[in-house]
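Novice: Mind looking over this structure? Questions follow.
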Amino acid sequence: MSNQPQDDELVPEQTEGFKVGEKKTIDEYQQLDQNDESLRKWKESLGIGAGASISDPKDPRKVIIMSLGLEVEGRPDIIIDLKSAGALEGLKKKPFTIKEGAQFRMKAQFKVQHQILSGLKYVQVVKRAGISNKMQEMIGSYSPNTTEKPLYEKKFEPETAPSGMIARGHYNAVSKFIDDDNQTHLRFEWSFDIKKDW
């Protein structure tokens, strides 16, 4: 068995009974009935209509994942910068350390461009000694960023690192950001070490 997570393990789970809605452009959403209070509130919750667009017409990406971070109380955040050139290539070779049993929370910073992003999810598979562990976090639906809201940040549910002598060691991971249309916006491999102390 391979100790490296495979792509077929990164398939997100579908919500039972959920259907992807009809796609509309930002302009079409702007024209929707302004007299409908609940519709107006929903559009506001997505940030439609607030501020000027900052989408780059030369960049076709719908989502730009800026960083993935680990928050641990009482310690500086561990930030994986995903936007700079060559950032992804070095991730697997430069593992970071997590103390066994530590409570941490992952967070992602990202930018949405050009159109509404529907149902972004983060899927991660971690492998060690042929045993894999998959987790999925729903990030949500977002409108393109504007001057009013230039960046989004999503904090994931808190997690606890494994502990004990058997849990210590090197772990390989593959992560993917994917939306309701099954479009993968970013896939990258990385690694970390569980140690007795930081």
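Novice: From the list Val72, Val112, which residue is over 15 Å from Trp190 (Cα atoms) and free of Cβ contacts under 8 Å to residues at least 40 places away in the same chain? Spell out how you get there, then give the answer.
Specialist: On the way: Val112 fails: free of Cβ contacts under 8 Å to residues at least 40 places away in the same chain.
The match here is Val72.
Novice: Let me spell it out: the conditions are (1) assigned to a strand (DSSP E or B); (2) of a type in the set (A, V, I, L, M, F, W, C); (3) farther than 30 Å from Arg61 by Cα; (4) without any contact (Cβ under 8 Å) to a residue 24 or more places away in the chain, and Met138 meets all of them except one. Which number is the exception?
Specialist: Failed condition: (3).
Novice: Right, here's the next one. Identify all residues within the range 104-118 that are outside any loop (DSSP other than H, G, I, E, B) and not basic (Lys, Arg); write none if there are none.
Specialist: Scanning the range 104-118 gives Phe104, Met106, Ala108, Gln109, Phe110, Val112, Leu117, Ser118.
Novice: Also, quick follow-up: Of everything in the range 159-197 that's small (Gly, Ala, Ser) and closer than 13 Å to Val125 by Cβ, which residue is surrounded by the most Cβ atoms within 10 Å (Cβ to Cβ)? Working first, answer last.
Specialist: Kept after step one, since they are small (Gly, Ala, Ser), are these residues of the range 159-197: 161, 163-164, 167, 169, 173, 175, 191.
From what is left, the residues that are closer than 13 Å to Val125 by Cβ are 173, 175, 191.
Values: Ala173: 22, Ser175: 24, Ser191: 18.
Here the residue is Ser175.
Novice: When residues of the range 141-158 are filtered for being over 13 Å from the mean Cα position of the chain (by Cα), surrounded by fewer than 16 Cβ atoms within 10 Å (Cβ to Cβ) and part of a strand (DSSP E or B), how many remain?
Specialist: Count: 0.
Novice: Still on this structure, please answer the following. Being farther than 16 Å from Phe110 by Cβ, part of a loop (DSSP other than H, G, I, E, B) and either modelled with pLDDT under 95 or within 21 Å of the chain's Cα centre (by Cα) (or both) is the filter here; which residues of the range 181-196 pass it?
Specialist: The answer is Asp181, Asn182.
The values are calculated or read from the model by the stated rules, or taken from the named source; none is laboratory data. None of the values given here were measured: they were computed from a predicted structure. Virtual Cβ from ideal backbone geometry, glycine too; neighbours counted across all protein chains shown.
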